[in-house]
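First comes the structure, then the notes that go with it.
Every read-out reported here was derived from the displayed coordinates using simple, explicitly stated rules and does not represent laboratory data. None of the values given here were measured: they were computed from a predicted structure. Note that we place each Cβ from the backbone using ideal geometry, even for glycine, and neighbour counts take in every protein chain shown.
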Amino acid sequence: LSAGKHTASSHRLSALVTPAGKSYECQAQQTISLISSDHQKSVQLLLSEVRIQPFDITADFVFSEEHKCPVDQREQLEETLPLILGLILGLVIVITLCVYHIHHKLTANQVQIPRDRSQYKHMG
């Protein structure tokens, strides 16, 4: 075993990107691989349920508006997408029924001319 200090760094500076003035929030687990100065060891940073804000802190223990990580944004979209699609489908059905009802009323008011000649004696 080699004794001494080793450092680990990351070239992935885009790991915790957040717009200025917002806090970073990620409920999902993230794995950030780090490059170790000891090449025989690999270092991985596992993060979950994280909320950080290194700059523009207004008061102690007070976070600014959160900026969700891409994984959380995707999960939120997967939750709301079926609801949105269901509402759109329901709206299409209602519009179709309304158009059918209006079309049926308009055609019912028109005089129907009999095609069979035997029905002419019942007219007038």
Item to check | FRET efficiency, A28 to I95 (Cβ-Cβ, R0 35 Å, nearest 0.05) | outcome: 0.35
Item to check | Counted charge near Q53, where neighbours are those whose Cβ lies closer than 14 Å (Asp, Glu -1; Lys, Arg +1) | outcome: -2
Checklist entry - Can you list the residues, at least 5 places off or on another chain, whose amide H is less than 5 Å from the amide H of V43, using H built in the peptide plane? => result L34, S36
Checklist outcome for this item: Honestly the range 21-68 on the Cα gyration tensor test (a ≥ b ≥ c root eigenvalues; a/c under 1.5 rounded, otherwise a/b vs b/c for prolate or oblate) is just prolate
Next on the checklist: Viscosity 1.002 mPa s, temperature 20 °C: give me the Stokes-Einstein translational D for the range 50-107 in µm²/s, with Rh taken as the Kirkwood radius over C-alpha pairs.
Outcome noted: 135
Checklist entry - What dipole magnitude, in Debye to the nearest 20, does the range 7-87 give about its Cα centre under +1 on Lys/Arg Cβ and -1 on Asp/Glu Cβ? => result 320
Checklist outcome for this item: Two pseudo-spin positions, 7 Å from Cα along C-beta at L106 and at I35, lie apart in nanometres by 7.0
